[in-house]
Amino acid sequence: MKKKICILIVSLFICVSCNSQKDDYGKLIEELNGQDNKKAKERLMVYGEKLLNQYKILKHEAQWASVENREAAEGRLLKSKEMIHEFAQTLKKHAGNRNASVCMSIKEINQYLYSLTQPRIVFSKSYKGGNSEIWIIGSDGKNLKRVTKNDRRRDEEPSWHPNGTKIVFSSDRDHFTSQIYVVDADGKNLRKLTNERPRHLAPVYSPDGSQIAFESLEKVFEDNHPNNYDVYIMDANGNNQRNLTGDYKDAMHITLVGWNPDGTKIAFHVMRISGSSGIYIMDADGKNHRKLSGDNYNIAGDCAWSPDGKKMVFCLRDESGTGLGIIDADGSNFKRIVKNINVPSLSWSFDNRQIILSAFDGEAKAYKLYTLDADGQNLRELLDELPNNNADVPITHPASKDMIFLSSLMKPGAVIEIWSTNIESKKLTKVGMSYMTPKPSWEPVILNEIASLFSDELDSSLNSDNANPDSKK
C-alpha cells in the first residue's frame, strides 16, 4: 500500500501577495471546500505556482533595486521565501494525516515540487501547415504547456521577461505583418505592443525588464536601402518606440546582438552595402555609438557578450580565412583565438571560462558541438554521439553547466529537435521539436535555492526521488 502525504489545507497559511495574506488564504479555503479530492489538488497546485511566481518577481526586484530601496526589497523577498518554507514544512508535518482535505501520494508531491523548480525553456513550435505557437517545457522534456494558440499564423522568437512571468514574441497574426506581443507565461493577458512599420522582429527585454529592444524594417529596396532593418527600443508597455540606428545610411542590414548584462549597453551588427561588416556598441539610450570590432576583418557569424559583460566573442573573416575572435568590451585586447573555423552559433558558459560553439565538420558533413577555453586553448568535441549525427545552436544555462541545442537530419524539410545536455555529464534528453527554427531560450530566474529548500524540508523518502520524479515506481 502506497504511503500517502496528506496536506491539511486548514493548517496551510500561504499567500501570494504579502499585503493580502488572510484574504488570499480564506478565499482558497472557501474554494476548496466541497470539491472532490482531484479538483482540490488542482487548485492547490495552481496556488503553489502563484506563490512561486510571486517569489520570482520579488527576486528580480531585489536584484535591480536602488541602494535606498534594496533593504525593503530584500525584506519582501525573505518574507516570500518564508512562505514557501512554511509550505514545505506543512507537507512534512501532515504526512499520514487521514483528516486532511487533500491527500497526495509521495510520487504526486515529488512530481509537483520538481516541476515548480525545474529549469524551463520557451520555444516556438511550428507545424506542417506553417503556423507556429509559443510553448514552455522543462529541460527534462516534461510539463509541456502551450502559451499561445495560433491556427493560421506564426508566433515566433519568444524571449523571457527577466522575472520569468512574461514572454515577449513576434507574430504575423495581425494581417500578415510581424508585430511584437507580450503574454503572461501561463498564456493569459495577451497584449500587442507595436502597430506601425511593416515588420518587427527579435524582441529582447532589458536585464531590468523595463525596456524591449527589437529589430524593425524601415525601408524595402528604397534609396539604396535593400531590406534595411534598424534596432529599435521601447518601454516594456510598448510606449516610446524609437529608432537607435537610423544614422547608418550605408547599412544594408542591422542586426541586434543584445544587451550587456547590466543593461547599460546594446551591441548590434552592421552589414554595409559595400560588403564590410562590424560589431558596434551604443548606450541603452542610443547615444555614444562606437565600433567594437576592428577594420581589418569582417564579422562572419555569431557573436555574444560574456556573462560578466567584460568581453565579446565572435566569428570573423579576413584574408587568411574564417576564425574566432575575442575582444574586451572597451575595444581593447583583440585576439584571434582560433583559426580556420566557421562558427555559425556560440554561447558562453555561465562562469565565463568556456565558449560552447557549433562548427561544420567537412569530413562528417554535419555540424558538431565543441568546447573551448576562453583563452582559445583546448578546442575539443563536446559529445561523443549526436542525435541525428548533427548539432547546432548551443544555448547555455545562465547558472549551471546545462545547455540546450538543436538537431536535425541534414536534409530539406527535416524536423528540428531541441535537446538538453550537461557539459560535464553529457547526458542527452530530447526536449521538443518543430518544423521551423524554434528559437529556444532558458528561463532567466534561478530557483536553486528553492529546490534546495524543498529537498531540506521533505522527508528522506521524498528526497531520494527529488532529482528524478519518475524514479519512484
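Here, each number is a calculation from the coordinates, and none is a lab measurement. Keep in mind that what you see is a predicted model, and the values were worked out from it rather than measured. With ideal geometry, Cβ positions are generated from the backbone for all residues, glycine too; neighbour counts draw on all protein chains shown.
Points to keep in mind about this one:
- Applied to region 283-297, the Karplus parametrisation 6.51 cos²θ - 1.76 cosθ + 1.60 on θ = phi - 60° returns per-residue 3J(HN,Hα) values of 5, 4, 8, x, 8, 6, 6, 8, 7, 8, 6, x, 8, 9, 7 Hz, with x for Gly and Pro.
- Under the Debye formula (equal points on every Cα, no solvent term), log10 I(q)/I(0) of region 241-314 at q = 0.14, 0.16 Å⁻¹: -0.41, -0.54
- Cα-based Rg and Dmax for region 113-161, where Dmax is the largest Cα-Cα distance (Å): 11.7, 36
- Close amide H pairs (under 5 Å, H built 1.01 Å from N) link Asp155 with Ser132, Glu133, residues at least 5 positions away or on another chain.
- Relative contact order of region 124-195, pairs being alpha-carbon contacts under 8 Å that are 6 or more residues apart, as %: 21 percent
- Across Lys50/Lys426; Lys41/Lys439; Lys145/Lys365; Lys142/Lys368; Lys56/Lys310, pairs whose alpha-carbon gap is larger than 30 Å: Lys50/Lys426; Lys41/Lys439; Lys145/Lys365
- With both labels modelled 7 Å from their Cα along Cα-to-Cβ, the Ser276 to Ala399 distance reads 4.4 nm.
- Computed lengthening from Arg146 to Glu385, 0.36 nm per intervening residue step minus Cα-Cα distance: 83.0 nm
- With N the number of residues in region 162-308, Rg(Cα) / (2.2 N^0.38 Å) evaluates to 1.06.
- Fully extending the segment from Met410 to Val46 would add 126.8 nm, taking 0.36 nm per residue of separation and subtracting the current Cα-Cα distance.
- Projecting the Cα atoms of Thr396, Leu386, Leu372 onto the charge dipole of region 325-452, computed from C-beta unit charges around the Cα centre, puts Leu386 farthest toward the positive end.
- Net length gained if the chain between Asp247 and Lys427 were fully extended (0.36 nm per residue, minus Cα distance): 60.0 nm
- Once the Cα gyration tensor of region 342-405 is diagonalised, semi-axes √(5λ) in Å: 19, 13, 9
- With the alpha-carbon atoms of region 263-390 aligned to their principal axes, the span from lowest to highest coordinate is 47, 35, 25 Å, starting with the largest.
- Shown is the FRET efficiency for Asp184 and Glu449, computed with R0 = 25 Å from the Cβ-Cβ distance and rounded to the nearest 0.05: 0.55.
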